[in-house]
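**Student:** Mind looking over this structure? Questions follow.
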Amino acid sequence: AQSVTQPDIHITVSEGASLELRCNYSYGATPYLFWYVQSPGQGLQLLLKYFSGDTLVQGIKGFEAEFKRSQSSFNLRKPSVHWSDAAEYFCAVARNSGGYQKVTFGTGTKLQVIP
Amino acid sequence: KAGVTQTPRYLIKTRGQQVTLSCSPISGHRSVSWYQQTPGQGLQFLFEYFSETQRNKGNFPGRFSGRQFSNSRSEMNVSTLELGDSALYLCASSSVGGRGNEQFFGPGTRLTVL
């Protein structure tokens, strides 16, 4: 069975500082990987996704993530955090099962941005 | 294109009642998935519908059910509500439902059970 681990429940960074959110997955084959962001009271918005090819993926809002097969990781990064980035971030892995995809989400990391 | 819409946005019910939530996917999307989000359990998959058929189901009791209509709109129903059913219920649609297609989420329905 697939699983996703986000080891950091809360992270606090200063505005302008760099950010890295960790995500480790467990899945036998090459997974489909996603990062979503959720602002308070809102649904999830896709930041970026990895299916195959280049292991460094660029997303929206200046985010990027790197797929490292050897470490089973898909960490999210941003070089300079803005106050508007404060939200909860979810990593997800999907696998094909019987012709459709089954998605498993991590438990999320809440990001606080301080001035 | 309009995004995924969910109605109502907020609901307050009492234990033992039943509730129906509605989700309208993005036009052209045939796959609709439902998730329950709570502070303690995080995001948990309820079920997925594709072309009016339930294709995948999570580990929830039979009180949770759903359906999808020919226009891809979906409803989920929770019968005999319990306090623990209080949660944000999210609906997500995707164009095909397979091969890693991204899901587009609605704003959710906040259900409070008293």
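**Student:** Here are some residues: B:LEU90, B:LEU81. Which one is in contact with a strand residue (DSSP E or B) (Cβ under 7 Å, 6 or more places away or on another chain), part of a loop (DSSP other than H, G, I, E, B) and surrounded by 17 or more Cβ atoms within 10 Å (Cβ to Cβ)?
**Tutor:** B:LEU81
**Student:** Let me ask something else. Could you check how many residues of the range A:51-86 are under 19 Å from A:TYR27 (Cα atoms) and touching a strand residue (DSSP E or B) at 6+ places or on another chain (Cβ under 7 Å)?
**Tutor:** 10
**Student:** Okay, moving on. Against the definition (open to solvent by 10 Å² or more (accessible area, probe 1.4 Å), among the acidic types (Asp, Glu) and free of Cβ contacts under 8 Å to residues at least 24 places away in the same chain), how does B:GLU75 come out, yes or no?
**Tutor:** For B:GLU75, the condition - open to solvent by 10 Å² or more (accessible area, probe 1.4 Å), among the acidic types (Asp, Glu) and free of Cβ contacts under 8 Å to residues at least 24 places away in the same chain - is not met.
**Student:** Another question, then. Need the failing condition index for A:SER14 against (1) free of Cβ contacts under 8 Å to residues at least 40 places away in the same chain; (2) open to solvent by 40 Å² or more (accessible area, probe 1.4 Å), just the number.
**Tutor:** Here A:SER14 meets the rest and fails (1).
**Student:** Tell me which strands (runs of 3 or more DSSP E) are completely within the range A:1-104 and hold 2 or more residues being among the aromatic types (Phe, Trp, Tyr) and at pLDDT 95 or above, or say none if there are none.
**Tutor:** Output list reads A:32-38, A:87-97.
**Student:** I've got another one for you. Which residue, of A:THR30, A:THR107, is within 14 Å of chain B (Cβ to nearest Cβ) and more than 24 Å from B:LEU90 (Cβ to Cβ)?
**Tutor:** A:THR30
**Student:** Tell me, please, whether a residue that is open to solvent by less than 40 Å² (accessible area, probe 1.4 Å), part of a strand (DSSP E or B) and either within 14 Å of chain A (Cβ to nearest Cβ) or among the β-branched types (Val, Ile, Thr) (or both) can be found in the range B:93-101.
**Tutor:** Yes; the residues of the range B:93-101 include at least one that is open to solvent by less than 40 Å² (accessible area, probe 1.4 Å), part of a strand (DSSP E or B) and either within 14 Å of chain A (Cβ to nearest Cβ) or among the β-branched types (Val, Ile, Thr) (or both).
**Student:** When you look at B:LEU21, is it farther than 25 Å from A:LEU47 by Cβ, within 14 Å of chain A (Cβ to nearest Cβ), among the aliphatic types (A, V, I, L, M) and not in a loop (DSSP other than H, G, I, E, B), yes or no?
**Tutor:** Criteria met by B:LEU21.
**Student:** Those residues that are away from chain A (no Cβ under 14 Å), buried (at least 19 other Cβ atoms within 10 Å of the Cβ) and among the hydroxyl-bearing types (Ser, Thr, Tyr), I need them from the range B:39-72; list them, please.
**Tutor:** Result: B:SER72, single match.
**Student:** On to the next question. Looking at A:PHE90, A:PHE105, A:PHE63, which is the one that is under 30 Å from B:THR112 (Cβ atoms), out of contact with any Pro (no Cβ under 9 Å at 6 or more places or on another chain) and open to solvent by less than 10 Å² (accessible area, probe 1.4 Å)?
**Tutor:** Going through A:PHE90, A:PHE105, A:PHE63 in turn, just one is under 30 Å from B:THR112 (Cβ atoms), out of contact with any Pro (no Cβ under 9 Å at 6 or more places or on another chain) and open to solvent by less than 10 Å² (accessible area, probe 1.4 Å): A:PHE90.
The values are calculated or read from the model by the stated rules, or taken from the named source; none is laboratory data. From a predicted model like this one, the values you see are computed outputs, not experimental measurements. Neighbour counts are summed over all protein chains in view; Cβ atoms, including those assigned to glycine, are modelled from backbone coordinates with ideal geometry. We work out accessible area using only protein heavy atoms, side chains counted, and drop any ligands, DNA or RNA first. Shrake-Rupley method; radii C 1.70, N 1.55, O 1.52, S 1.80 Å.
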